[in-house]
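Some notes on the structure that comes next.
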Amino acid sequence: MSASLWGRKARGVAVASIVVIGAVPPTAALAGHMTDWRHDHSTRGVPSRPHGYSALRSKFGSPCGSRANDARTLFPHASGRNKRGYVYYHPYLARNVGHNIRGHVSKRHKDQAFDYGQYGYNCRRMRGSSSWSTHAFGAAIDTNTARNPQGQSYWNGRGADGQDHGMYIPDVFRGDYPGHGFRWGKSWRDPHHFQYVTGY
């Protein structure tokens, strides 16, 4: 995949990429789709997940630090339904989010299981608290927020295509293989939230 889609952002460099695709039959176009892509469940692909605030700071640095938004991945519904945009986060998660999670979804042609909005880094405190949000460290991703608002106790699996994809998106983020180690906020009524830390 293109580094501009999956890799780290380049500081001060603007890159434009235009791809022109001719009239290719759909089956031919999809035949070689991501045939070389594989999950990376090494410690680089799924790095150790910190537990507690001290370990979070040790792995990710200070809240709102210079590296907290130093990696990015293109998501299909970041600012609205079918409005692609970059989600920024800490480079500690670059291989896991950019290669594993986005690759997993794209390989299975499941981008429409995502829905808007999709967010990452945000220099802020937790709502109603003086504690820093995991978003301030670049250690959390929110997805499908419009259908899964804070305060809701369940996951609405309806994607941007209007179809019910069940637990597909949470299962990609959370837990062990094929999940990718994120802790799901559903247990504290924040079902769109996935964070890469426990005990905080």
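Read-outs throughout are calculated quantities, based only on the coordinates presented, and are distinct from any laboratory measurement. For clarity, every value in this text was computed on a predicted model and none was experimentally measured. Counting neighbours? That spans all protein chains shown, and the Cβs are built from the backbone with ideal geometry, glycine included.
Taking the convex hull of the alpha carbon atoms in region 75-130, what volume per residue do you get, in Å³?
Given the Cα convex hull of region 75-130, per-residue volume reads 97 Å³.
Taking amide H atoms as placed 1.01 Å from N in the peptide plane, list the residues 5 or more away in sequence, or in a different chain, whose amide H sits under 5 Å from that of Phe182.
Correct list: Arg174, Gly175.
In whole Hz and in residue order, list the ³J(HN,Hα) couplings for region 106-122 that follow from phi through the Karplus curve 6.51 cos²θ - 1.76 cosθ + 1.60, θ = phi - 60°; x for Gly and Pro.
So the Karplus estimates, Gly and Pro as x, are 5, 4, 9, 6, 10, 4, 7, 6, 6, 8, 6, x, 10, 9, x, 4, 7 Hz.
Go through region 135-141 residue by residue and turn each phi into a ³J(HN,Hα) via Karplus (6.51, -1.76, 1.60, θ = phi - 60°); whole Hz please, and just put x for glycine and proline.
Computed from phi, the couplings for region 135-141 are 5, 5, 9, x, 10, 8, 10 Hz.
Using Cα positions and a limit of under 20 Å, work out the aspartates and glutamates in reach of Lys186, with same-chain residues fewer than 8 apart set aside.
Correct list for Lys186: Asp115, Asp142, Asp164, Asp171, Asp176.
Taking region 81-166, which chymotrypsin sites (Phe, Trp or Tyr not before Pro) meet the DSSP loop condition and have no more than 10 other C-beta atoms within 10 Å?
Passing sites in region 81-166 are Tyr154.
How do Asp111, Asp190 rank when sorted from fewest to most other Cβ atoms within 10 Å of their own Cβ?
By the 10 Å Cβ count, ascending: Asp111, Asp190.
If amide H atoms are built 1.01 Å from N in the plane of the peptide, which residues on other chains or at least 5 residues away come under 5 Å of the amide H of Arg158?
Excluding prolines and chain starts, which carry no amide H, the hits are His165.
Let me have the relative contact order for region 27-174, percent, based on Cα pairs under 8 Å that are six or more residues apart.
After rounding, I find 22 percent.
Which whole-Hz couplings ³J(HN,Hα) result when phi for each residue of region 191-196 is put into the Karplus expression 6.51 cos²θ - 1.76 cosθ + 1.60, θ = phi - 60°, listed in order with x for Gly and Pro?
These are the phi-based 3J(HN,Hα) values: x, 8, 9, 10, 10, 9 Hz.
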